[in-house]
Every structure is written in C-alpha cells, then in structure tokens.
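These notes are about the structure you will find just below.
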Amino acid sequence: MKDSIRQIKPGAFQQSVAGEEDPGASIDLPPVAAPRRGDEAPAGTPGTGEVQCPACGGSGRGIGDAACPECNGTGKVNRGIGGG
C-alpha cells in the first residue's frame, strides 16, 4: 500500500463532530425553490432571473381562475436573461 493512501477505519463516520447528534447535521444548505413547469433553469443559475410568466401574463391565474400550470400561480418563471 502506498504511503499517500490511508485506510479508513470501520465506523469512522459514525462519530459525531463537535457534539452534533447527527454527523451530517452541521451542513446547512440554502432552501431551493420548487421548480415550476415554465422554468428554463433552476433558481439562482447564473444568467437567469425571474420574469413575468408568458402563459398567464403575470397574473398567476389559468383557466377558470385556477392557478396557472406554467408558474404554479406565482406569475413568474425563471428564464435566461443573459445576452450574447
């Protein structure tokens, strides 16, 4: 075995870190918005941003005053806004 490769002991990842009950609990991820049918990319993708939903004109309403199926009733979708 090479010196640069170390063996990981069985159960090494079962111990908590810094007093945590769950060793992975110290990782806090930002909340992610649920994707909408009309989104071209996930929220926060560089070169994209929220724009008025083209299906409902930004009202958030679809047929029969139900929520617009493209934007889930928000009136906005995430689309590419970068140029060039």
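Numbers for the structure displayed
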item: Radius 11 Å from Cβ of Val77, net charge of other residues (Lys, Arg +1; Asp, Glu -1); result: 0
item: Gain in span if fully extended, Arg37 to Lys9, counting 0.36 nm per residue against the direct Cα distance; result: 5.5 nm
item: Gain in span if fully extended, Ala66 to Val51, counting 0.36 nm per residue against the direct Cα distance; result: 3.4 nm
item: Stokes-Einstein translational diffusion, region 34-76 - Kirkwood Rh over all Cα pairs, 1.306 mPa s, 10 °C, in µm²/s; result: 153
item: Local electrostatic count at Gly57 - Lys and Arg +1, Asp and Glu -1, tallied over other residues with Cβ under 13 Å; result: +1
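Any read-out appearing in this document is the output of simple, stated calculations on the displayed coordinates, not a laboratory observation. What you see is a predicted model, and the numbers here were worked out from it, not measured in a lab. Note that we place each Cβ from the backbone using ideal geometry, even for glycine, and neighbour counts take in every protein chain shown.
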